[in-house]
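The values are calculated or read from the model by the stated rules, or taken from the named source; none is laboratory data. Everything numeric in this text was worked out from a predicted model, so none of it was measured. Virtual Cβ from ideal backbone geometry, glycine too; neighbours counted across all protein chains shown. Note: accessible area is taken over every heavy atom of the protein model, side chains too, but ligands, DNA and RNA are not part of it. Shrake-Rupley method; radii C 1.70, N 1.55, O 1.52, S 1.80 Å.
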Amino acid sequence: MKKVHILLIIILSVLVGVLLSLMNDVSSYETFNSEKTQEGFEVHVVGTLVKGKPIYYEPEKNANYFTFFMKDSNGDEQKVAYTQPKPQDFERSEKIVVVGQMTKNLFEASQILMKCPSKYVEEPKINS
């Protein structure tokens, strides 16, 4: 074999190795009761805030602890803990994406992503 062929084989095998390692870091959207969530993998869960349940955030006592209840796309409710300050306009969000993992009966979020109501949606006009 020529040196060029050997070099191409080495480069190709390195590229395949890099692609395979990147595939392990890809996360998917899960629900609170999915198998990946229960096994402790870091996952993304999409859902909505449960309005009737309590939201705990007392910045005077602990500014870096925030808990709330969230309902996922299957309708399952789960308590979520976030060890950062509460995001601004959290209660107004339409959809919430939490990134984290399950521990016992609590979903520990490392990130919270929110979809807030659009200010560009036209409100119905009142004819008088």
### Message
Which of the three applies to the stretch 1-89, rounded, prolate or oblate, going by the alpha-carbon gyration tensor with a ≥ b ≥ c and a/c under 1.5 meaning rounded?
### Response
prolate
#### Entry: Spin-label pair HIS44/TYR29, simplified geometry with 7 Å Cα→Cβ offset, distance in nm
0.8 nm
### Task
Please give the contour-minus-distance gain from LYS51 to ILE6: 0.36 nm per residue of separation, less the Cα-Cα distance, rounded to one decimal in nm.
10.0 nm
### Task
Take each of the peptides 81-93, 5-17, average the number of other beta-carbon atoms within 10 Å over its residues, and list them starting from the highest.
81-93, 5-17
### the chain, accessible surface, carbon-and-sulfur percent (1.4 angstrom probe)
56 percent
### Message
Quick check on the chain: helices-only [θ] at 222 nm, where DSSP H runs of length 4 and up contribute -39,500 (n - 2.57) each and the sum goes over total residues. Nearest 500, please.
### Response
-6500 deg cm²/dmol
